[in-house]
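The values are calculated or read from the model by the stated rules, or taken from the named source; none is laboratory data. From a predicted model like this one, the values you see are computed outputs, not experimental measurements. When we count neighbours, we look across all protein chains shown, and the Cβ atoms used for this are built from the backbone with ideal geometry, even at glycine. Note: areas computed on protein heavy atoms with side chains; ligands, DNA, RNA excluded. Shrake-Rupley method; radii C 1.70, N 1.55, O 1.52, S 1.80 Å.
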Amino acid sequence: MATQLRGTDVVIVGLGAAGGVAAYPLAEAGLDVVGLEAGTWLDRRDFAPDEIRNNYRDWPMLIDKCEQERPTSRATSETTARRVGSHPMMNAVGGTSLHYWAQSWRLNPWDFRVVSETTRRYGRSRVPLGSTVEDWPFGYEELEPFYDRVEREVGVSGQAGNVRGAIDGRGNQFEGARAREFPMPPLRWTAFNERMAEAARAHGWHPFPGPAAINTERYQGRRGCGYHGFCSKGGCPIDAKNATHLTTIPKAVDTGNLRVVTQAHVTTVQVDADGRVTGVNYVSGGTEYFQPAKVVLLASYTYENVRMLLLSKSNAYPDGLANNRGQVGRHYLSHHQGAGVTALFPYDLDAWYGLPAQGVAVDDWADDNFDHTDLDFIGGGNLWAMSDRRPISAAGMSTFGRGRNWGSAWKRFIRENSDRSHYFYIQKTTLPYEDNYLDLDPGVTDPLGLPVIRITGHYKKNELALAAFMQDRAVEWYQKAGATEIVRGGLGNAMGASTHAYGGTRMGDDAETNVVDRWGFSHEAPNLGVLGASVMGTSGARNPTLTAQALSWRTAQHLVESWSDIAE
Amino acid sequence: MNDDDARERNDSSVISRRDLLRTAGAAGAAALVPHSIAAAAPAEAIEAGAAALPGPSIATAPAPTGPLMNLTARETEILSAMVDRLIPSDELGPGALEAGALRFIDRALSEAESDSAGAYRSGLAALDRYSHYSRGAAFVELSATDQDSVLIDLQTGGATGANVGFVGSSGSFFNMVKSHTWQGTFGDPHYGGNVDFIGWDLIGYPGVRLQVSEEDQRALEADELTPVRRSAYDYATFRVDQ
């Protein structure tokens, strides 16, 4: 029998990138908020610049709960799912925002209106068959004030390209209009970045520095980026990366209205006979607790959000919470960011002291920024020339067909070339489809005996055609910059577990095809909200975190403004 | 290639090197004493707001000698020979053995990679069986050239045959050892490898810095940046009591 705790207004399950943002406007408004986090507080001493620990031993993703809940994956329902080797989840106050790459993009306005814009420009038949894509219930303009708020509260550096309709050639001319400039200038460019920008301009493209939740100067009492080179899968040892444990969570704690409970492993959401949620059960130190709450906000990773709903079965929701229409787990997609291209240059790139968020972006081939009339796909990709390298992976570089990757000849090769390779991973429009989904694995469980998530999905014709098209653009860019060897990766097949995992609790006005409404609250359980990329119905060609955070802020603000309607 | 060729090509330098390893308790790194890094500018750490404390540096600790904890003498001998062929000591400079990759692997098998101990044991035994089966001699008795050809068979998954018995495939064993050898050569010296920064010097990595100024970056681009000789754990922020 679970120990019953004192009730609270709002319980947030997961204090990561999304929940860590939502906590602040709620606490600031005077609501009593309990934040349940499976992990603990970490600080700068936990973030040694150590490639073995971060990138080979996958610390700190290997901590307890999330490691035990690693999903399984398979390409189609005809095949057997296998447990994925690595996963992007993390348990700590701040969650994945501790170790992410911190690229903080707004979606393009087109991403909110894929169906209507495609239909308007090319005809309805160009929306791929079998895709379940819908327009978002609102446009970019609706989310803009929340993007703006999060960029300031969290701290995002970058170069604006469109301020209230005024185009600035230094930034992204294809972005939606923003109310004002970024609060900080962009990360600096290396000589190689400059060279890539020059090569892009020579193609007639419009290069610009990407946005990042990384300080480039002193901001809110913390210092600017040290460019130490261990940002990928590592926390920041000088607190320059704006993870929520440094930004919105402390601000929420300072109000006196957020209580952070660490090492709390939430197992189920409870409901009453009317189908309203009443709180959550969690296990901590071997004891089970029930935390009553007037409102529950699920804010864990996409796989965990979906899993929690599917595991929370009741008389009111026999197939899982908020799933009486069978939409939980549907409209899932892993962002297609593989199908990359690798190049070898005849000069050093001097990339040892960089970070994945430091680089040159080209959006000329993203979204619907170019005419698709004579093409066999919709959407596009963001080209990204970053500056990021670490020694073990540098030594493990491709030998570009020059023989085996060990021995004396190889040693000579890497001595000359270890700082001369570059890789484009390419983020591309990825659509949801009828037969790509998440459900509970019938055979694999965590130590509590609860099934883990099973990913079923593969990239389809639209994604593969787009991938080939983007590889052509990437090759053109590398050639212009003087690459001597260029190798294309495969175009993609099965969707594995991804750091960019969208859908599963999609947001939309139609309760028959969406789990949450336009505000992020369940169509079925009115006092249950969902935060994170699991509510996003389209991926765009860029990283999801800022959008997930803007949506979280919006959901939280709506809850504050509609408290009596939702909570009572 | 037949067995006679193999013995013929077993030149004296290979034999003497192997004997040296045996004498040294198979710890190839033992012969090398790392340079002191005490001279590393404390300004590096101060600049990053993390002043280096005085005291023994982890990276300057002499490479430990003596038998490995997780492998038998015979297993150690085979692994030494393999690691030595992956990143050899040659005219370009020292290789994986001198960098302490063997000691790194042994420590890892006690800690983060303890799940792999069984794979090492069975893989090294299978390597020796395959060597006998295909080349007529134990792996450590083969010439460098023949050792390389055996390792190519392993890497390509072709090391099969009666009773060879790689668990999974020979390729997965090869890749595991290769990955750990790379970590033990090019990773942070904290874990017992990359002794004397052999790996970082080989690829020109200028070292762990917490703060890299615009001027530092320009110096790097002009090939004028002086390498930093320290482990991440030599910075006060991350110092751990051993």
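Some observations on this one:
- For region A:247-277, a residue qualifies if it is touching a helix residue (DSSP H, G or I) at 6+ places or on another chain (Cβ under 7 Å) and under 14 Å from residue A:94 (Cα atoms), and the qualifying residues are A:247, A:248, A:249, A:251, A:252, A:260.
- Going through (1) under 25 Å from residue A:58 (Cα atoms); (2) in contact with a helix residue (DSSP H, G or I) (Cβ under 6 Å, 6 or more places away or on another chain) one by one, residue B:120 falls short only on (2).
- All positions within region A:179-204 that are surrounded by fewer than 20 Cβ atoms within 10 Å (Cβ to Cβ) and more than 14 Å from chain B (Cβ to nearest Cβ): A:179, A:180, A:181, A:183, A:198, A:201, A:202, A:203, A:204
- Selection of region A:166-176 for residues being assigned to a loop (DSSP other than H, G, I, E, B) and open to solvent by 40 Å² or more (accessible area, probe 1.4 Å) yields A:169, A:170, A:173, A:174.
- When every residue of region A:458-470 is checked against the conditions, at least one turns out to be open to solvent by 10 Å² or more (accessible area, probe 1.4 Å) and within 20 Å of the chain's Cα centre (by Cα).
- Number of the exception - residue A:369 against (1) open to solvent by 20 Å² or more (accessible area, probe 1.4 Å); (2) within 14 Å of another protein chain (Cβ to nearest Cβ); (3) assigned to a loop (DSSP other than H, G, I, E, B): (2)
- Residue in region A:340-357 that is nearest to residue A:530 (Cα to Cα), counting only those that are away from every other protein chain (no Cβ under 14 Å) and open to solvent by 10 Å² or more (accessible area, probe 1.4 Å): A:342
- Residue satisfying condition, being closer than 19 Å to residue A:236 by Cα and outside the structural domain of residue B:86 (by TED's automatic domain parsing), within set B:209, B:218: B:209
- Taken over region A:95-145, the criterion of being surrounded by fewer than 17 Cβ atoms within 10 Å (Cβ to Cβ) and of a type in the set (Ser, Thr, Tyr) is satisfied by A:116, A:119, A:122, A:125.
- Taking the criterion of being at the interface with chain A (Cβ under 8 Å from one of its Cβ atoms) and closer than 17 Å to residue B:133 by Cα, no residue of region B:156-181 qualifies.
- Here B:220, B:151, B:210, B:202 are screened, and the one residue that is in contact with a His (Cβ under 6 Å, 6 or more places away or on another chain) and within 13 Å of chain A (Cβ to nearest Cβ) is B:210.
- Residues in region B:121-157 that are open to solvent by 40 Å² or more (accessible area, probe 1.4 Å) and in contact (Cβ under 8 Å) with a residue 60 or more places away in the chain: 2 in all.
- From A:519, A:563, residue being open to solvent by 10 Å² or more (accessible area, probe 1.4 Å) and under 20 Å from the mean Cα position of the chain (by Cα): A:519
- Residues in region A:522-539 that are under 16 Å from residue A:22 (Cβ atoms) and buried (at least 24 other Cβ atoms within 10 Å of the Cβ): 10 in all.
- Number of residues in region A:391-418 that are within 8 Å of chain B (Cβ to nearest Cβ), open to solvent by 10 Å² or more (accessible area, probe 1.4 Å) and of a type in the set (D, E, K, R) equals 3.
- Positions within region B:59-72 being at pLDDT 55 or above and open to solvent by less than 40 Å² (accessible area, probe 1.4 Å), in sequence order: B:66, B:68, B:70, B:71
- Output for region B:73-104, where each listed residue is assigned to a loop (DSSP other than H, G, I, E, B), crowded, with 24+ Cβ neighbours inside 10 Å and either among the hydrophobic types (A, V, I, L, M, F, W, C) or at pLDDT below 95 (or both): B:87, B:96, B:97, B:99
- Residue satisfying all of: in region A:113-146; without any contact (Cβ under 8 Å) to a residue 40 or more places away in the chain and aliphatic (A, V, I, L, M); farthest from residue A:465 (Cα to Cα) among these: A:115
- Criterion: crowded, with 22+ Cβ neighbours inside 10 Å and either more than 14 Å from chain B (Cβ to nearest Cβ) or closer than 22 Å to residue A:393 by Cβ (or both) - qualifying residue of A:29, A:18, A:75: A:18
- For the residues A:273, A:252, A:240, the requirement of being more than 14 Å from every other protein chain (Cβ to nearest Cβ) and open to solvent by less than 30 Å² (accessible area, probe 1.4 Å) singles out A:252.
- Residue B:184 falls short on exactly one of the conditions (1) facing chain A (nearest Cβ under 8 Å); (2) buried (at least 18 other Cβ atoms within 10 Å of the Cβ); (3) in a helix (DSSP H, G or I), and that condition is (1).
- Among all residues of region A:130-137, there is none that is part of a helix (DSSP H, G or I) and at pLDDT 95 or above.
- Test: residue in region A:58-68 that is modelled with pLDDT of 95 or more and either more than 14 Å from chain B (Cβ to nearest Cβ) or touching a helix residue (DSSP H, G or I) at 6+ places or on another chain (Cβ under 7 Å) (or both): no
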